[in-house]
Structures are given as structure tokens and as C-alpha cells.
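Input: a single structure, listed below in C-alpha cells.
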Amino acid sequence: MAWMAIAAAAPPVVQTEPLTPEQERDRFKLPAGFEIQLVAAEPQIQKPMNMAFDGRGRLWVTHSVEYPFAAAADRKPRDGLTVLEDFGPDGRARKATLFADELNIPIGVLPLPRPPGGKTAAIVWSIPHIWKLTDTDDDGKADQREVLYGPFDFKDTHGNQNAFRLGADGWVYANHGFANHSKIKSRGVGDVVLELISGNTYRFRPDGSAIEHVTWGQVNPFGMAFDALGNRFNADCHTRPLTMLLPGGRYTSVFAGKNADYDDGLGPAPETTRNDHGSTGICAVAISDTDRFPPAYRDQVFVGNAVTCRVHADAIEWRGSSPWVEKPTDFLTCDDLWFRPVDLQLGPDGGLYVADFYNCIIGHYEVDLKHPRRDRERGRIWRVVWKGEPGAAPVEPAVPLDLTRLATDALVARLGDTSETVRRLAMEELVERGRGDAAVAAALRRTSPSEQHRARAVRALALLGKLDAAATAAALADESRLVRVHAVKAVAALPGWDDSRAAIVRERLADADPFVRRAAVDALAAFPAAASIAPLLRCWRETPAEDTQLIHLLRIAIRCQFAAAKPEELSAITSLGATAEDAGRLSEIAATVKTPATAWLAFQIARDAGLPAAAWAKPVEAVAAVCTPEQVQEAVRAARRACGEDVGLQADVLQPLLGAGLAKGQGPDAGTELGRWAVECAAGLLAGGGTSVPEPRLKTAVAVARLVKEPRFAAAWDDILQIARKGGRDDTLRAEAIAALLAIDRSRALEAAVATIAAGDQPFPVRIAFARQCAAEDSAPLRGAIGAAIKTAGAAQQKDLAIALLTRPEGGPALLDLVNAGKASALLLQDGQIVDRLRKCGIADLDGRIKALTTGLQSADTRIERAIREVAGQFGKGGWSAETGAQLFTKNCAACHRFANQGGLVGPQLAGIGQRGPERLLEDMLDPSRNVDEAFRTTTVTLADGRVVSGLRLREEGGDVVFADATGTEVRVPKVEIEETMTSRLSPMPANVIDQIGEANLPHLLAYLLQQPAAATKP
């Protein structure tokens, strides 16, 4: 069970009927003292997507009826952008204006500050561009549309551009979502200026002049918020519900590696939580930085959970400058399971606004996109307000001010407001006003007792180009860390960075506050200079280990300095490692840049500092990748000497050195220093069948044996065969060993394969591995052996062997003959993966033959439904072991799926899987192709010699296409050998999980997968 299709809701289709807004409101539950109010509902709006407030206190809402299908080019789309205003004491918006119609699944929206005497405008995402919409005639409706950026891919419409947030640096930050591969152009024309694949974040200038990558990775980020310090948080599905994003950070996901520059060598950026919040679909973030909430709920991060129909409150524990959320609290829940909180905003009135996508279906590919119960009519906006402690006088929400009507002094005073939303909007209005009014800058320079005021004033002055040296110095010396953080960020955002600014920022690396230090590190990463390396290294040395975000950003910054340094500047860096720890850090990070100069520097640092051999792996790997043959030889000799006679240590150093080449089928040249060392080490590890050698080292050894033509490996034949035949081996190690046997002596290997496959005393995993690995060979005896094994195999093994047999077209008739003779189960012919392969075999009247051979069989669907009922019934009796289930998961699923922070990242991640219940989970396990996301469907290629290869298409690399097979193992196919490619609706996950795991074991696996993390605490 290496694959599993994810369901995004529990239940996937809510069977209750829709409620009126008034009825739904009665189903909400909140902590005592809070009240929820209806702001807007159908028909005022359609299904809401994103929200944003403007300086007039109005709420802009994108909404859709088209979702999830984009309107075709020959039809006018029906979606819109509505402005809500004039909110009554009960929260209801008494005025709604459709600012723009004929939009196509609009999501991200950002109303722009209106210039004095200018026009109302907003930035909005509508397939396929990010647009600027302007109301030129002041009638409340946009009549001018211009493309800012695009086109963006919209293959997956729930992964489109969202959460547009204007930062204090003047950039608009946004999320790019799941599965889409966007090649973006400025104004939609000309050259591609940014390419994004699946989950990422980026930023752009609101005037259309620039767009750039900010973070790499995540699956489908949706929702974003800045805190008062400028830390940026977003939500994501299938990875972590909440993440504080580091500029330049790389975040783990299935598709992140498809971005060409994803691997910076530094590994994933730190997490903010490991609690999955019980869901795979987190999609909103807001921070309660307002005195309109009581202290217990102030500065909480609210997270929308559209799957479990609730809003969480995440309390942050700060470890230095690194946030950590141990577990969420349920803040807002609803007994009406149609409630779907997809966006959150903190209003200028101190209320928490909730966009409710109100729907009985929240899944995507898990439920037919054309399912008749998908609702396209209803959508609500709610406001949560604090009314006061029970029995106390009620607290009324603040009335939103129209900031645009305030005089400049009054507007400047709002920079110290008790609401972060008001402070932000006031600053944006002041910047827009100050572009043509010098009095604004003068007002901003006046002192204030409010740290919030002083911080925002610094940022506004910087954006206006009026932040002079005196104001900068005062802000950097301010007693408030908030002001100092924003002062550093303001200096970094100013145009014309120079040595004097660099010196100012470097001084902040010694600031007493970790947030100030992190701001300084971020700035130096953006403006690299070799002179920054020493102070950055000193800052790292003095940073506590628990401040993981600061440490990772320091690593990013030091890497940036190395990447930008000139070769002559690098020569002085070898002396910077004051301690062995410093030297190790410098060497490791320099090695990630992989230019000839930095790679050689990394090696020199490791050598001259006398670092232990284990620290040589990355530097020598970098040297081997980009340096001259003479330098490679020198580095390899030095590393070999450092390892001494410890063969295991040698293997650990060699593995990263050889790893990339081995993965691509390229072994070291046996005539080089590296090749001789690799052969010597591999031979030592293989001796005696590698009985006591850890499998990772053994994999390297057998890979070398496969790829290097060396007589010593022919002599090690029996040792390699012993490795291949030993029970309990890792699948990839066994496959590598069999491939090595084929490479050393094909004829002998085929004889061994035939004997092994036919041997009844060999474990079936071993026999199946030989069949899989050798199936591409055109060998009648091999096909005969596979056929003979099928006759005595159980159902699970029969399918695996049949798939191997069908690798070549000659296997098709052989399989049908086995079924006809009663030697193979006719149930095989009801398996979609097998039928797909049979169709590649050129068999006349295949459908007729399958029909004749399966007549009288119960349909596959009927069998599956029976199994689901029976296993669910057994599970319901209780007494099953989650511990046993964990072992089953590790053995059968973990190669592809991640659950409870364990497992691979090939297939969908399973965080929050316990929400769906046993019946739905069994459906996904036993019938994986029933509901499969198109990003995880099987691709089958037919090669020029007739062979068939199928699996998940992962990527193209050089001249190869890389697939993951049903075991999660990567399979490389040269593109030039591919004659035909077909993507089916089938999942690569085997459809015979019940046979592989056993019906009696499935309840144990359910017990493991359905267990929840520590429950969210109740308010």
C-alpha cells in the first residue's frame, strides 16, 4: 500500500440540508463573552473567497459561482468583487456594491490606497492574470482593467493566487498554490520573469514593475497575515497548518523539488508547529492584535479549518525569535457542517471577520467535481466580536473610521492605534497622501510616546524617501525592539544600498533582541558582501540553539554572501573560522554554493581546520561536481586519508560524493582517484554478503558494483547474490543488488533470476523483486518462471508478478493463457492497472477475451463494498492495536506517504486523515482510483523496444523522465526511448491492498491512521 488518495472532508458530502444564515448562526459555539454576527449573505454575495479592508473601513470580498470550473473562453464568467460598507451595530453591511463583475474565479484581492484626487482601484486575481481594476468615473464600479502579471496556470483552480497582503516595504505578498506550473510575464507579455511550480510564495510591486520568488515549497498555501513585527505567517494544507515564513526558506512538499532552484543545500526551513490541527485543509490566517479582544485572546493566531468546520486559536510560544505552536484551541465551531471558513481578517473595528464558503462539499477530486450537491449559491461573511464578560456591561465594537477623511495630524495619530489593522491602513493612507504633500513627512517626524506610532512612522518615511540619517539613528537606538526591528527593515527597503547602510545593519547583529538581529540578518542576506560573513558567523555563535528560525536565516545569509563573493574575496575567508565549529559551519555552507571557487574554499577550510572526516563529505562532493580534475584528485586523496581504514566512515563520505551520479546511472571512472577509492570501499562492504553493514552503506556499495566495470565485482558475485536473496531487505537495496548482478554478467544473472523466481523455498518478496528487476529482459525462461510462480502465489503476489510479466508485450498472451488454464486468478483481469498494461500488448479482441474469462465473477465494485462493510464492522467491535497498525504502515505505506511526521513525500501526505472516519478511509485504501487527484494519477509509457513502464511521473532530469513505481522507488527512463505516453485516471497505489496487508490486519491499520494528535483544547 504505497499510495493513498486523500479525501479532504469527513464526511466528504454532508447529507444535511442547507440552513438559512439565521439558522446557521444559532449553531455556532464561541467562548463566553464572544458573539457572532452576520455581515453579508446570499444574494448580496456569492461564495466568498478572499477579503480585505480599505482605508474607508470597507470590506472587499471576491466571490464565485464558477468554482471549481473556470469559465470557458467563449463564455462570460459570472464571478465578482463586492464592496461591503455601512456596518450596523449588529454587524450587518447595509450597503453592498458590485465593484467588478465578469471575473473568473477571483481569489486574491487588495484595495489600493486612493491618491488624493485619484481614483479607486484594487488588485485582484481573476483567471489567468493578476489585474488592476480602476473606477475612473467614480460610479463605484471598475471600468478599466489592466494586466499586472500573468498568465498564471489554473489547471487546479483551488491552487490559484490568494492572500494579497501589502507589506510595510511596499511589496504585495501572495501565495501560489497546488499543482499549477506558472510562467509569469510582466504585464502578461514579453519574456517569462518568474516561474513557479505548485506551492510557493512570491511578492510583486503594485505598479506591475517587478515580481520575485520569496519562499519555495509548501503544497497549497492559502491565507496570510503579518504581525506587528513584520513576521509573515501563512496556512497550508498537507504540510503544516501554520508557518512563519523565512525569506529564502525552502519548505517541504511533494512538488517543491520541481522548482529548478529549490535545493539550496541547506535543507528545509524550521517548522512553526507539528500539530496538524486534525485536518488536511487549513486555509486562513489572522492575528488578533487589538484591544477589542480580551487579554486571553489577544495576539492569538487564528487559523481557519474548512474541513473540520472551525476556527482555531493558536497561542505562540516564542523561543528567541522563533515561534512555536504546541497545539491549537478551538475558538469557533459550528454544528452545521456546511460551515467552511476559508478566509479570516481582523477588521478595523476589532472584529474577526470570517468568510464562509458555505458548502456541503469541501473536497475537490475526492468528490466528483460535478456532484449534484455541490452548492454554488450560498455564501456568508461573519463577524466575531467581544461583548464582555457575562454579567458585565456589554462592550460595543468600535465603529470603523473613514481614515481617508482624517486630517493629516489625526491620521498620523492613528499610527499608534490599538488595532494593527488601523495602524497598517493609516500608514498606507499617509504614504499615498505624502507623495504629494510635504507636510506629511514633517508630521511623521514628530516624536510620540507610542512605540507602534514610532515604528510605523519610520516605515512610512522610508517609503516616501524621507528617512534621513538622524531619524534612522534615533530609530535604531530606540528603547523599543519594535521600533528597532522596523528601523532595520526600513533601511533595507530603501533604494541605493551602500557600504554605510551595510555597516549600520551589521551593528544590529549584536543587538540585545533576537528579533532585531533576525531583521539585520535578513537585510544582509538581501545585500550580500564578503565583509558580512564574519559578523554573521559571530551572531550565529551567540544564538541559542532553540532559536531555530534565526539560525536557519543566518545559514541562508552566509550562503548568500558566499554566492555573491568574488574569487579574490574568498581567499581571506579561510581564516574566519575561529573555532572548529565555525570552520565546520563555513565549510558546509560554502559547499552548497557549488561554484569552483566556493567548492574549493569549502575543501580548504575543512582540510586546514583538521575537521573530522564526516565533515568532509559535502565539501568534497562540491569539489567533484565543479572543480578541475587536479583539484578533485587532491580533495579525494585528502578525504581518503582523513577516513583512515574505517570502511564505514569511507562509505559515509563517499555516499554524498557519488550519490547524484549514482542516482542518474553514472558511476565514477575506475581509473581516477575517486573511482579507485569507491571500488576499494565497495568491495570491502560487499565481502561476506554485507551481513553486518547498514543498508544505506550497502546501497552505495551495490550501486558502485552496478555502474563500475571492475573485475573485483565479478569476484563478489556470490556476495551480491546473497544480498539480493536475503529476506527482510529494503526493496530499493534488493533492486539495486539485482541490477548489479545484471550489469556484471547478464546471462548468469538471468539464470539466477529464473532459479530464484521458480524456487518455492524463496520468500515471495525476493521472487517478486527478481521478477520486477529482470522483467525488461526478453527471456522465455524468465517469463516461464514468472508464470510458474503465479500458479502458487496468493492474490497479492499474483498481481505483483502479473505486472512484472506485462512489462514486455509477450507477457500479455502468457497471462491470459494462465487465467484460461485456471493457473492465475481471473480477478486479475478486473484490475485497472493490469488491464491498462494488457492494452499495450497488441492482443486481438482483448475486451472479448477479458469478458469471457471474467463471466460469472462478482464485479470489483461489489467486492470492494462488501470488504468495506465487513472490515468497518470488525473495526467497530474495538480492541485493535494502533502499534501494530504503525508497523503495517511502515512496511506497506511509508515509502510514499507521510503520516505522524514519518514516511516519504512521493504520494499525498496524510496529516489529518483521521477526520474522515473508517468507511471513507477504507474506500480510499481498497479502491484508490475511485477518487484520485489528477496530480497523482498513473502515467504509462511504452518504450521503443515494446517495454511498458508506469508510475507517478515525478520530474524530468537531464535526458531522463523519472517515475516513482508502486513501491515508491524511482525509475529513470531516457526520453529518447519513449514512443507513447498515456496518463490514466488510475492511482499508482495498488488496488489490491486488502490482499497485500490482509483483511484481518486492516483494522489495526485503521486504528493507527484514525488516531488523532492531542486534541485541540476547548476554550
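Keeping every protein chain present and rolling a 1.4 Å probe, give me the accessible area per residue for segment 434-600 in Å².
I get 41 Å² per residue for this part.
Can you work out the FRET efficiency for the pair Asp437 and Trp497, with r the C-beta to C-beta distance and R0 = 25 Å, to the nearest 0.05?
Once rounded, the FRET efficiency stands at 0.35.
Normalised by the residues of segment 804-908, what does the relative contact order come to in percent, with Cα pairs under 8 Å and at least six apart?
On the way: 63 pairs, mean separation 17.5, N = 105.
Value for segment 804-908: 17 percent.
Once amide H atoms are built 1.01 Å from N in the peptide plane, which residues 5 or more positions from Arg319, or in another chain, come under 5 Å H to H?
Residues meeting the amide H criterion: Trp324.
Would you grab the residues whose amide H sits under 5 Å from the one on Val193? Only those 5+ places off in sequence or on another chain, please, with H modelled 1.01 Å from N.
Excluding prolines and chain starts, which carry no amide H, the hits are Ile184, Lys185, Ser186.
In whole Å, what is the distance between the alpha-carbon centres of segment 995-1012 and segment 759-779?
28
Need the full-extension length gain, Thr732 to Gln633, defined as separation in residues times 0.36 nm minus the C-alpha distance. One decimal, nm.
Details: separation 99, 0.36 × 99 = 35.64 nm, distance 3.07 nm.
Full extension of this stretch gives 32.6 nm more.
Quick one: which of 448-457, 810-819 comes out on top by average Cβ neighbours within 10 Å, and what's the full order, highest first? Numbers along the way, then the final one.
Details: 448-457: 21.7, 810-819: 19.7.
Highest mean packing first, the order is 448-457, 810-819.
As a check on your grasp of the helix formula, calculate [θ] at 222 nm for the chain: sum -39500 (n - 2.57) over DSSP H runs of n ≥ 4, divide by the residue count, round to the nearest 500.
Result for the chain: -11000 deg cm²/dmol, rounded to the nearest 500.
How would you order 718-725, 481-488 from highest to lowest mean count of nearby Cβ atoms within 10 Å?
The densest-packed peptide leads the list: 481-488, 718-725.
How much of Thr862 can a 1.4 Å solvent probe reach, expressed as accessible area in Å² and rounded to 10?
Looks like 60 Å² after rounding.
Provide the net charge surrounding Arg78, with neighbours chosen by a C-beta distance below 11 Å and charges set as Lys +1, Arg +1, Asp -1, Glu -1.
Details: positive: Arg75, Lys76, Arg376; negative: Glu66, Asp79, Asp101, Glu102.
It works out to a net charge of -1.
Which value, to two decimals, describes the C-alpha radius of gyration of segment 606-827 once divided by 2.2 N^0.38 Å? If you can, show how the numbers build up before the last one.
Details: Rg = 20.4 Å, N = 222, 2.2 N^0.38 = 17.1 Å.
Computed over Cα atoms of segment 606-827, the ratio equals 1.19.
If you build the Cα gyration tensor of the chain and take the root of 5 times each eigenvalue, what three semi-axes come out, in whole angstrom, biggest first?
Result for the chain: semi-axes of 52, 39, 24 Å.
At 7 Å along the Cα-to-beta-carbon direction for both Arg78 and Lys975, put a label point, then send me their distance in nm to one decimal.
Rounded to a tenth, the inter-label distance reads 4.2 nm.
Net charge near Gly416: determine it from the other residues with C-beta under 10 Å of the C-beta of Gly416, scoring Lys and Arg +1 and Asp and Glu -1. If you can, show how the numbers build up before the last one.
Details: positive: Arg414, Arg423, Arg454, Arg456; negative: Asp417, Glu451.
Result for the local shell: +2.
So for the chain, averaging the separation of alpha carbon pairs under 8 Å that are six or more residues apart and normalising by length, what relative contact order in percent results?
Value for the chain: 10 percent.
Kindly write out, for segment 95-105 in residue order, the coupling ³J(HN,Hα) from the Karplus curve 6.51 cos²θ - 1.76 cosθ + 1.60 (θ = phi - 60°), rounded to whole Hz, with x marking Gly and Pro.
9, 9, 10, 6, 6, 8, 10, 6, 8, 10, 6
Apply 1/(1 + (r/R0)^6) to the Cβ-Cβ distance of Glu146 and Glu751, taking R0 = 51 Å, and write down the FRET efficiency to the nearest 0.05.
0.10
For segment 607-653, which GluC sites (Glu not before Pro) are in a loop by DSSP, counting at most 13 other Cβ atoms within 10 Å?
Glu645
Applying the Karplus parametrisation 6.51 cos²θ - 1.76 cosθ + 1.60 with θ = phi - 60° to the phi angles of segment 194-204, what ³J(HN,Hα) value in whole Hz is obtained for each residue in order, glycine and proline being reported as x?
7, 10, 10, 10, 6, x, 7, 10, 8, 9, 8
From the backbone phi of segment 648-662, what are the Karplus-calculated ³J(HN,Hα) couplings (6.51 cos²θ - 1.76 cosθ + 1.60, θ = phi - 60°) in whole Hz, Gly and Pro given as x?
Working through the residues one at a time gives x, 5, 4, 5, 5, 6, 6, 4, x, 5, 9, x, 4, x, 4 Hz.
Name all residues of segment 270-309 having a backbone nitrogen under 14 Å from the label point set 7 Å from the Cα of Val395 along its Cα→Cβ direction, giving them as ranges.
288-300
Using the alpha carbon gyration tensor of segment 552-675, what are the three equivalent-ellipsoid semi-axes (square root of 5 times each eigenvalue), largest first, in whole Å?
On the way: eigenvalues 109, 51, 35 Å².
The equivalent ellipsoid of segment 552-675 has semi-axes of 23, 16, 13 Å.
For the pair Ala413 and Ala860, how long in nm is the line joining their label points, each one 7 Å along Cα→Cβ?
Each label point lies 7 Å from its Cα, and together they span 7.3 nm.
Using 0.36 nm per residue of separation minus the Cα-Cα distance, give me the extension gain between Ala477 and Thr792 in nm, one decimal. Walk me through the numbers before you get to the answer.
Values: separation 315, 0.36 × 315 = 113.40 nm, distance 8.05 nm.
Stretched out fully, the Ala477 to Thr792 stretch lengthens by 105.3 nm.
Tell me, what % of the accessible area of the chain is carbon and sulfur with a 1.4 angstrom probe?
So the carbon and sulfur contribution to the accessible surface is 51 percent.
Using alpha carbons only, how many angstrom separate the centre of segment 856-873 from the centre of segment 675-752?
43
Set the Förster distance to 56 Å, then compute FRET efficiency between Val192 and Thr691 from the Cβ-Cβ distance, nearest 0.05. Please list the in-between numbers first.
Working: r = 54 Å, r/R0 = 0.96.
Calculated value: 0.55.
Looking at the chain only, what percent of DSSP beta bridges run antiparallel? Nearest 5 please.
Around 95 percent antiparallel, to the nearest 5.
In terms of the ratio Rg/(2.2 N^0.38 Å) built on C-alpha atoms, what value belongs to segment 21-386?
That ratio works out to 0.92.
Describe numerically, in nm with one decimal, the distance between label points set 7 Å from Cα along Cα→Cβ at Glu542 and at His181.
4.8
So, counting K/R as plus one and D/E as minus one, what does the shell of residues with Cβ under 14 Å around Glu634 add up to?
+1
Where the eigenvalues come from the Cα gyration tensor of segment 645-744, what are the semi-axes √(5λ) of the equivalent ellipsoid, largest first, in whole Å?
Those come to 18, 14, 13 Å.
Give the accessible surface of segment 21-386 per residue, rounded to a whole number of Å², with probe radius 1.4 Å and ligands, DNA and RNA excluded.
With all protein chains present, segment 21-386 gives 31 Å² per residue.
For the peptides 821-827, 781-787, 438-444, 588-594, what is the packing order when you average, over each peptide's residues, the other Cβ atoms within 10 Å and list the highest mean first?
Packing order, densest peptide first, comes out as 588-594, 781-787, 438-444, 821-827.
Dividing the alpha-carbon radius of gyration of segment 434-600 by 2.2 N^0.38 Å (N being the number of residues), what value is obtained?
Numbers: Rg = 17.6 Å, N = 167, 2.2 N^0.38 = 15.4 Å.
Normalised Cα radius of gyration, segment 434-600: 1.15.
The values are calculated or read from the model by the stated rules, or taken from the named source; none is laboratory data. Worth saying up front: this structure is predicted, and the values here are computed from it rather than measured. Note that each Cβ is placed from the backbone with ideal geometry, even for glycine, and that neighbours are counted across all protein chains shown. To get the accessible areas, we keep the full protein, side chains included, count just its heavy atoms, and leave off ligands, DNA and RNA. Shrake-Rupley method; radii C 1.70, N 1.55, O 1.52, S 1.80 Å.
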